[in-house]
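Chemist: Starting off with a structure, shown below.
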Amino acid sequence: MINAIGLTNPGAEAEASCWLKPRPSSGRWGATDGQHLCRHRGRVRPGGPGGGHAQPDLIEVNISCPNVGDEFGTPFAGSCASAAAVTEAVRQAVACPVVVKLAPNVPDIARIAAAVVEAGAAAITAINTMPGMVIDVASGQPILSNRVGGISGPALKPIALRCVYEIARPCPCRSLHSGVSTGRDAAEMLMAGASLVGVGSAVYYRG
Ligand SMILES: Cc1cc2nc3c(=O)[nH]c(=O)nc-3n(C[C@H](O)[C@H](O)[C@H](O)COP(=O)(O)O)c2cc1C
C-alpha cells in the first residue's frame, strides 16, 4: 500500500470538545509537531473530568510523517538532536506519557530511539511509512498526485521488523510496530522485541 494522505485530524480544539462528550478513555492524538502541541497544552490535561480539556491516556508524537509539506527534507525524526528536542518540549508541556513515532529512513534508528527515551519518551512507535513512488506506465505519470507517498503493509514489514529489533536491543523502553497482517507477523514482531502490536493497513485488506 502507498498513501499520501498526510495528517487528517480535526485539531486540538475539536478533539478537546469531543472529550466533553461521554466516550471511552482511550484517545490517541496525532500532532504535526511539538510546538503545535505545546501551544495547545492548556487543552491537554490528564485526570479529572471534562472542563474543556482533552484527557488522553497518552500522546503519540508523530515526528516522522513523510506526507507533510513543511516536513520534507527536515523531519524531526531525522536527527537525534531534533527528535530529542521535540520530545523534551512535549514532555514538559503535558503530564501524560509521551510516545514518539519514528521514521524508518534514517541511518541509525536505534540512536534516535535512545535519544528520545533519554529526552523522556515513555515508548517508541516503530515505524512510520517508508517513502516510495508508483508510476502509471500508460500515462507516464506518478499515480499519486503528490508524486511520492508512504509505503505500509506487507512491503513494510521486513523494514519494521529490522527497526524494532535494532531499537529493542539497547533500549529498555517499550516499542510498537508496523506492517502486520497476520498473527504470524505479530509473533515475529514480538520476537524482534516489540511489546505491543499495531495493525494499520491490514484493516484495509482484511477488515
Ligand atoms: C492511509 C494511511 C494514512 C496514514 N496516516 C498517518 C498519519 O496521519 N499519521 C501517522 O503517524 N501515520 C499515518 N500512517 C502510517 C500508519 O500509522 C503506520 O505507521 C503505517 O501504515 C505502518 O503500519 P501498517 O503497515 O500496519 O499500516 C498512515 C497510513 C495509511 C495507510
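Chemist: When you scan the stretch 54-156 for strands (runs of 3 or more DSSP E) that lie fully inside it, which ones turn up with 3 or more residues that are modelled with pLDDT of 90 or more and out of contact with any helix residue (DSSP H, G or I) (no Cβ under 7 Å at 6 or more places or on another chain)? Spell out how you get there, then give the answer.
Modeler: Working: elements: 59-62, 98-102, 123-126, 130-132, 149-151.
Filter on the stretch 54-156 gives 149-151.
Chemist: I need a count of the residues in the stretch 118-143 that are within 22 Å of the chain's Cα centre (by Cα) and closer than 24 Å to Leu7 by Cβ.
Modeler: Just the residues of the stretch 118-143 that are within 22 Å of the chain's Cα centre (by Cα), to begin with: 118-133.
When the remaining residues are screened for being closer than 24 Å to Leu7 by Cβ, the result is 119-133.
Counting residues in the stretch 118-143 that are within 22 Å of the chain's Cα centre (by Cα) and closer than 24 Å to Leu7 by Cβ gives 15.
Chemist: Scan the stretch 115-133 and give yes if some residue there is open to solvent by 10 Å² or more (accessible area, probe 1.4 Å), more than 16 Å from the ligand (Cβ to nearest atom), touching a residue at least 40 places away in the same chain (Cβ under 8 Å) and touching a Cys at 6+ places or on another chain (Cβ under 6 Å), otherwise no.
Modeler: For the stretch 115-133, residues open to solvent by 10 Å² or more (accessible area, probe 1.4 Å), more than 16 Å from the ligand (Cβ to nearest atom), touching a residue at least 40 places away in the same chain (Cβ under 8 Å) and touching a Cys at 6+ places or on another chain (Cβ under 6 Å): present.
Chemist: Sticking with this structure for a sec: Here is a check on your reading of the model: is Gly78 open to solvent by 10 Å² or more (accessible area, probe 1.4 Å), on the phi > 0 side of the Ramachandran plot and of a type in the set (Gly, Ala, Ser)? Outline the logic, then answer.
Modeler: Details: open to solvent by 10 Å² or more (accessible area, probe 1.4 Å): yes; on the phi > 0 side of the Ramachandran plot: no; of a type in the set (Gly, Ala, Ser): yes.
Considered against the rule, which asks whether it is open to solvent by 10 Å² or more (accessible area, probe 1.4 Å), on the phi > 0 side of the Ramachandran plot and of a type in the set (Gly, Ala, Ser), Gly78 comes out as no.
Chemist: Going by what's in this entry, would Arg184 be described as in a loop (DSSP other than H, G, I, E, B) and either over 15 Å from Ile2 (Cα atoms) or away from the ligand (no atom under 11 Å from the Cβ) (or both)?
Modeler: Numbers: in a loop (DSSP other than H, G, I, E, B): no; either over 15 Å from Ile2 (Cα atoms) or away from the ligand (no atom under 11 Å from the Cβ) (or both): yes.
In short, no.
The values are calculated or read from the model by the stated rules, or taken from the named source; none is laboratory data. Since the model is a prediction, treat every value here as computed from it, not as a measurement. Please note: Cβ atoms are built from the backbone with ideal geometry, for glycine as well, and neighbour counts cover all protein chains shown. In case anyone asks, the SASA skips ligands and DNA or RNA and just uses the protein heavy atoms, side chains included. Shrake-Rupley method; radii C 1.70, N 1.55, O 1.52, S 1.80 Å.
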